[in-house]
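Since every read-out is calculated from the coordinates, none of them should be taken as a lab result. Just so you know, these numbers come straight off a predicted model, no measurement behind them. FYI the Cβ positions are ideal-geometry reconstructions off the backbone, even for glycines, and counts take in every protein chain you see.
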């Protein structure tokens, strides 16, 4: 049984991000895209429809936490964005984890 989904045990977003089974940042992009049912091209592109931005926030958060990537490096990985966009994604991902049930479930599912 996955320790992150034991009833009554509340895993925080950082614990989940560190536990994602990825060897490199590209693996994170693939895992997140598959989890959300989108392509990695949509994830790294400029699409803002549907769940794509939510998936992008998740990917950014996991890459920064798991691999300790700098904001500008992470920004390049997710489609040539600026570091401020990455910093905003970090804040939004934390907020979504606390308030958006679907986002939280996807974070746990990706494990």
Any idea how far apart residue 15 and residue 91 come out in nm if each label point goes 7 Å out from Cα toward Cβ?
2.7
Can you divide the C-alpha Rg of region 59-111 by 2.2 N^0.38 Å and report the result to two decimal places?
1.13
Least to most buried among 64, 94, 49 (fewest other Cβ within 10 Å first)
49, 94, 64
Which log10 I(q)/I(0) values, to two decimals, does the chain give at q = 0.23 Å⁻¹ under the Debye formula with one point per Cα?
-1.37
Hey, what number do you get for the chain at 222 nm if only DSSP H runs of n ≥ 4 count, each worth -39500 (n - 2.57), divided across all residues, to the nearest 500?
-19500 deg cm²/dmol
In degrees, nearest 10, the alpha-carbon axis of helix 52-67 is tilted away from the dominant principal axis of the alpha carbons of the chain by 80
